[in-house]
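J.: Before I ask anything, here is the structure I am working with.
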2 protein chains.
Amino acid sequence: MDVRTLCLGILTFGDATGYEIKKAFEDRLGLLYDASFGSIYPALNKLTEQGLISCREESQDHRPDKKVYSVTQEGQLEFIKHLQRKPKADKYRSDTLATMMFAHLLSPGKVATLLDNYIETCEENIATLSEGCDMKSSLSEKFLCGFGIAVKTASINYIRENRHLIEAESLLADSAAE
Amino acid sequence: MDVRTLCLGILTFGDATGYEIKKAFEDRLGLLYDASFGSIYPALNKLTEQGLISCREESQDHRPDKKVYSVTQEGQLEFIKHLQRKPKADKYRSDTLATMMFAHLLSPGKVATLLDNYIETCEENIATLSEGCDMKSSLSEKFLCGFGIAVKTASINYIRENRHLIEAESLLADSAAE
DNA sequence: CTGTGCATGTAAATCGTTACATGATTGC
DNA sequence: GCAATCATGTAACGATTTACATGCACAG
């Protein structure tokens, strides 16, 4: 799903400014998708052009003016139509795991450190998600949060139980290099 | 990791043509990364320009000529240097899961179908990975394969146990719409 | 007085896919 | 005869990030 579509979707939860949409990306979809201002603002302009959202300007005291966006009927319909499409396959990108494919080029110490750091990051993710999970209002947010926790927990367990495989590969290459 | 770097890495396993590198992406990294010819061939040309790989042309009987690439010493060093860098955070992109965030706009039937299909896809992934896992020669490949299986298995279990959350959200919105 | 939060935007650069272009061989 | 596999490449297009540009308010 591209930023444009996701912005439209986020606005179905209620009116918001570009700035708030950025936060919604972090809060609601942080696990899956993110977007920078450089993609959000142009996306909002395009959606407005297309009549899928509307915009009203509000001036504030002690704050910069803001543009509050709302979904139009066409926008809501367009988004629902988009949701009917066959979802694309998941994609899991991991620099660390990719690096592990080249364990034959790394020292056993480096491999161990990478795996330790990876586990640590997963644990931090779980902590953040657990914290957030209770605060979330909607069931779907709890669902996604829990999904993240489940996947990260499984990742940690797998690595703890199988890191010897990758560490062996590195050792092997290391001794061969002598 | 970008395609250029990954091509360099794949070549550390042995010489290969662009075509074979494409297959290596599928075989070794299919779970994590993929690349099209449109990115591989230009990457190989650039790496050659930079002197990180070298190229020899081989003509074949009954087959088109091919260009076989090898990593140079500089290339190997450059790649190892790249591996030392702090790996970027993992990113899990899922259209299906993102769609679930908008369950309030979907019929309960649609949500159920999406989840069923998602589980089915995960099961297919697991089957493919299990099959492949035995055939893999290197320990690191087995490790990655196993990782995929572990994550997908955890995903399925989580969804089976928690799909009621998301299905409730959809039902709620559905009844409110009446 | 410095960083953080609020608030919006543009332009350049990066990275990648898709589609096109070409062409032989092998298996069904 | 048609699809698949082998084999290489370019060009158009799309999406997104990064860096830049601006500016006020509040807390430590």
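The values are calculated or read from the model by the stated rules, or taken from the named source; none is laboratory data. Everything quoted here is computed from the prediction, not taken from an experiment. Virtual Cβ from ideal backbone geometry, glycine too; neighbours counted across all protein chains shown. Each accessible area value is taken on the protein alone, full model and side chains, heavy atoms only, with ligands, DNA and RNA left out. Shrake-Rupley method; radii C 1.70, N 1.55, O 1.52, S 1.80 Å.
J.: Filter segment B:1-16 for residues that are part of a helix (DSSP H, G or I) and not small (G, A, S); which is nearest to DNA strand C (Cβ to nearest atom)?
T.: Just the residues of segment B:1-16 that are part of a helix (DSSP H, G or I), to begin with: B:3-11.
Next, from what is left, pick out any that are not small (G, A, S): B:3-8, B:10-11.
Working: B:V3: 4, B:R4: 6, B:T5: 8, B:L6: 8, B:C7: 9, B:L8: 12, B:I10: 13, B:L11: 16 Å.
Taking the candidates together, the pick is B:V3.
J.: Pull up segment A:1-16, narrow it to residues that are over 15 Å from the mean Cα position of the chain (by Cα) and open to solvent by 40 Å² or more (accessible area, probe 1.4 Å), then point me to the one that is nearest to DNA strand D (Cβ to nearest atom).
T.: Filtering segment A:1-16 for residues that are over 15 Å from the mean Cα position of the chain (by Cα) and open to solvent by 40 Å² or more (accessible area, probe 1.4 Å), the one nearest to DNA strand D (Cβ to nearest atom) comes out as A:R4.
J.: Filter segment B:146-157 down to the residues that are among the hydrophobic types (A, V, I, L, M, F, W, C) and within 7 Å of chain A (Cβ to nearest Cβ) and list them by number.
T.: Within segment B:146-157, B:F147, B:A150, B:V151, B:A154 qualify.
J.: Looking at segment A:136-175 only, could you name the residues that are among the small types (G, A, S), over 12 Å from A:L115 (Cβ atoms), touching a His at 6+ places or on another chain (Cβ under 8 Å) and in contact (Cβ under 8 Å) with a residue 24 or more places away in the chain?
T.: Matches in segment A:136-175: A:A173 only.
J.: Moving on. When the residues of segment A:17-68 are filtered to those that are open to solvent by less than 40 Å² (accessible area, probe 1.4 Å), within 14 Å of chain B (Cβ to nearest Cβ) and not in a loop (DSSP other than H, G, I, E, B), which remaining residue is farthest from A:I149 (Cα to Cα)?
T.: Result: A:I21.
J.: Same structure, new question: Taking segment A:132-145 only, how many residues are within 8 Å of another protein chain (Cβ to nearest Cβ) and either within 15 Å of the chain's Cα centre (by Cα) or modelled with pLDDT of 90 or more (or both)? Can you show your working first?
T.: Initial filter on segment A:132-145 (within 8 Å of another protein chain (Cβ to nearest Cβ)): A:138-144.
This time we only want the ones that are either within 15 Å of the chain's Cα centre (by Cα) or modelled with pLDDT of 90 or more (or both), so: A:139-144.
So the answer is 6.
J.: I'm trying to understand the selection: among the residues of segment A:72-103, which are in a strand (DSSP E or B) and in contact with a Gly (Cβ under 9 Å, 6 or more places away or on another chain)?
T.: Matches in segment A:72-103: A:Y92 only.
J.: Can you tell me which residues in segment B:69-87 are surrounded by fewer than 18 Cβ atoms within 10 Å (Cβ to Cβ), within 14 Å of DNA strand D (Cβ to nearest atom) and in contact (Cβ under 8 Å) with a residue 12 or more places away in the chain?
T.: Result: B:S70, single match.
J.: Confirm whether A:R160 is open to solvent by 60 Å² or more (accessible area, probe 1.4 Å) and at the interface with chain B (Cβ under 8 Å from one of its Cβ atoms).
T.: no
J.: Continuing with the same structure: Filter segment A:88-121 down to the residues that are in contact (Cβ under 8 Å) with a residue 40 or more places away in the chain and small (G, A, S) and list them by number.
T.: The answer is A:A103, A:S107, A:A112.
J.: While we're here: Suppose we keep only residues that are surrounded by fewer than 19 Cβ atoms within 10 Å (Cβ to Cβ) and among the hydrophobic types (A, V, I, L, M, F, W, C) within segment A:166-178. Which one would you say is nearest to the other protein chains (Cβ to nearest Cβ)?
T.: Only one residue tops the list, namely A:A168.
J.: Right, another one. Answer yes or no: is there a residue in segment A:85-94 that is more than 7 Å from chain B (Cβ to nearest Cβ) and within 30 Å of A:S54 (Cα to Cα).
T.: Yes, segment A:85-94 has at least one match.
J.: Among (1) open to solvent by less than 30 Å² (accessible area, probe 1.4 Å); (2) under 16 Å from the mean Cα position of the chain (by Cα); (3) over 18 Å from B:D90 (Cα atoms), there is one condition A:G148 misses while meeting the rest; what is its number?
T.: Failed condition: (3).
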